[in-house]
Amino acid sequence: MSATIQAVRGMHDILPEECGRWQRVEAAIAEVLAAYGYREIRTPVVERTELFARSIGEVTDIVEKEMYTFRDRNGESLSLRPEGTAGCVRAGIEHGLLRNQAHRLWYRGPMFRHERPQKGRYRQFHQVGVEVFGLPGPDVDAELILLSARIWRALGVEGALRLEINSLGTAEERAAYRRGLVAYLERHVDRLDADSRRRLATNPLRILDSKDPETRAVVAEAPRLWDHLGPESRAHFEGLRALLDEAGVRYEVNPYLVRGLDYYARTVFEWITDRLGAQGTVCAGGRYDGLVAQLGGQPTPGVGFAIGLERLVELLGEGAGPDPQAPHAYLVSVGEGTRAAALLLAEALRDAVPGLRLLVHCGEGGFKAQLRRADRSGARWAVILGESELAEGRVGLKDLRADAPQRSLAREALAGELARLLREEAG
Ligand code: HAM
C-alpha cells in the first residue's frame, strides 16, 4: 500500500459537518455588510512580494519571517497574501476606484502566514476584511466599530468580546515618539526580553505589547505616545470616543495597543475574547491614511478591519443553531419502477417548493436501510414512494423527529404540504 498524503501543517480541511457553521457566519456577516452599503471586491491570492514589503513594512514579523514567497517561472518574486488590505489598495489604485470617491468595500478569503501553528493560529486562515477609502473623519471609524458590533449581535457572541482602542498618531508624531521611547528603553535594555532587544533597533513600538512580565514593567514607566500626539490626532480620537459613547458602545482605551503591520495611523482597535486562549483577537483593524500614497496612488485616507473567521467560528461553539446544509426531506423509494419515479418527483418538488433541500436516496438499500440513511442525513421528513403508492398516485410522509405515524397524501398535495411545513419550521 502506498503512503497516504496529508494536508500541509497549519493548513486545515473544513469538513462538511463544520461548513454549516461557517456558512451561517459568512451569511450573517454578508447580511450586515449589505445593510451598511458595503460592496464586495475579489483580488488574487498571489501578489508581487514588493506590495507587501512596501505596505505591511520590511521589518515586521509578517514580511520578515512569515510570508510564503517564491519565484515564479519568470523569476519574479511573488507571495501568497498574508492579509487583504494591501491587495485591496493595489486594486483600488490600479482601477482608478479611489479618485475623489468614497468607497466601502469588503472581501473574504484565505490568507497565508508561516507562523508556528497552535489553537487559533494557522498557516492558512480565512478573513473577512472591510476597507473604506476617501473618508478621513472619526465618523467612519465609529461606523466600522458599530458594524462589527452588529455582526457579533447577529451571531449571539457579543457577550464574549471586548473592544480595545488606541491612537497611533501620524507617522511624524510616531517618529518623534519613537526617538524618546528608544532612548528610554536603551537605559533599561538589560531588563528587556530577547525579542524586545532585537526590536529596539527595528520596530521599537512593538515592544509596547510584549507579553514578558519584566519588559511590561519597563514599558509601564515608558513615555506615552498620547503625549506626542498633535491636536488633530487628539481631536480625531476624542471624536471617535464621543461617537462610541453616544452609541453606547463599551470600550477600553489601551495605550499599549500597537499593531503588527506598519501602515496604521491614528485609530487602531481590536475585538478580543478570553474564551479562546492565547489567540484571542477575533477582529482587528484601524486607519491607514498614508498607505494609498505610499503605494503610488493619490493621497486617500483609508480605514478598515479584518475578522479571523476560524476564531469567530470557534467562538460560536458547537451546535449553535440549525445546520443550513442539512436536508429538509429525504426521498425513500422501494420497489419496481419507483427509482425513476422518485427522481422525477424530486425534480417536480424542487420546481414547486423554493428553498427546499431534498436528498434523494441513490444506490442499494431496502426500506429500513433507507430510513436509517434518512435519519442520519439530518432531514426532518422522509417522503416515501413504494410500489403501492406509485400505483395509487400517492406518497408517504413521515416526520423523523416526532413519534407520529406515517401519513399518506395524494401526490399532487405533497408540494403544498412540504411548503407549509417549511414555513411552519422557519417560524
Ligand atoms: P491582522 O491583525 O494581522 O490584521 O489580522 C486580522 C485578524 O486575522 C486577527 O485579529 C485574527 O483574528 C486573524 N488572524 C491573523 N493571523 C492569523 C492566523 N495565523 N491564524 C488565524 N487567524 C489569524 C490584518 O490582517 C489587517 N489587514 C486588518 C485590517 C484591514 N486593517 C485595516 N484593514
Scan GLU58, GLU83, GLU18, GLU47 and give me the residue that is of a type in the set (Asp, Glu) and part of a helix (DSSP H, G or I). GLU18
Just a yes or no: is a residue in the stretch 272-282 away from the ligand (no atom under 14 Å from the Cβ) and assigned by TED's automatic domain parsing to the domain that holds ALA142? yes
Given the conditions (1) out of contact with any strand residue (DSSP E or B) (no Cβ under 6 Å at 6 or more places or on another chain); (2) in contact (Cβ under 8 Å) with a residue 40 or more places away in the chain, report the number of the one that ARG187 does not fulfil. (2)
For the stretch 100-110, indicate whether the set of residues that are open to solvent by 80 Å² or more (accessible area, probe 1.4 Å), in a loop (DSSP other than H, G, I, E, B) and over 29 Å from PRO324 (Cβ atoms) is non-empty. yes
Apart from one, (1) buried (at least 17 other Cβ atoms within 10 Å of the Cβ); (2) more than 16 Å from the ligand (Cβ to nearest atom); (3) under 17 Å from VAL130 (Cβ atoms); (4) without any contact (Cβ under 8 Å) to a residue 40 or more places away in the chain all hold for ALA34; the odd one out is (1)
Do the conditions hold for GLY321, that is, is it outside the structural domain of GLY159 (by TED's automatic domain parsing), within 20 Å of the chain's Cα centre (by Cα) and either modelled with pLDDT of 95 or more or away from the ligand (no atom under 16 Å from the Cβ) (or both)? yes
In the stretch 182-268, which helices (runs of 4 or more DSSP H) lie fully inside it and hold 3 or more residues that are not assigned by TED's automatic domain parsing to the domain that holds ASP139? 194-202, 213-220
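Run down ARG162, ARG150, ARG123, ARG81 and say which single residue is buried (at least 20 other Cβ atoms within 10 Å of the Cβ), charged (D, E, K, R) and modelled with pLDDT of 95 or more.
Details: ARG162 fails: buried (at least 20 other Cβ atoms within 10 Å of the Cβ); ARG150 fails: buried (at least 20 other Cβ atoms within 10 Å of the Cβ); ARG123 fails: buried (at least 20 other Cβ atoms within 10 Å of the Cβ).
Just a single option satisfies the conditions, and that option is ARG81.
Just to be sure before I move on: is TYR122 within 9 Å of the ligand (Cβ to nearest atom) and among the hydroxyl-bearing types (Ser, Thr, Tyr) in the structure I sent? Talk me through it step by step, then tell me what you get.
Details: within 9 Å of the ligand (Cβ to nearest atom): yes; among the hydroxyl-bearing types (Ser, Thr, Tyr): yes.
The answer is yes for TYR122.
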Tell me, yes or no, whether the stretch 392-415 has at least one residue that is assigned to a loop (DSSP other than H, G, I, E, B), out of contact with any Lys or Arg (no Cβ under 9 Å at 6 or more places or on another chain), open to solvent by 30 Å² or more (accessible area, probe 1.4 Å) and not small (Gly, Ala, Ser). yes
Members of the stretch 78-92 that are more than 12 Å from the ligand (Cβ to nearest atom) and closer than 24 Å to TYR122 by Cβ: LEU78, SER79, LEU80
If you go through VAL292, VAL282, VAL303, the only one that is part of a helix (DSSP H, G or I), in contact with a Gly (Cβ under 8 Å, 6 or more places away or on another chain), crowded, with 22+ Cβ neighbours inside 10 Å and touching a residue at least 40 places away in the same chain (Cβ under 8 Å) is VAL292
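The values are calculated or read from the model by the stated rules, or taken from the named source; none is laboratory data. Note that the structure is a prediction, hence the values are computed from the model and not measured. Note: ideal-geometry Cβ built from the backbone for every residue, glycine included; neighbour counts use all protein chains shown. With ligands, DNA and RNA removed, areas are computed over all heavy atoms of the protein, side chains included. Shrake-Rupley method; radii C 1.70, N 1.55, O 1.52, S 1.80 Å.
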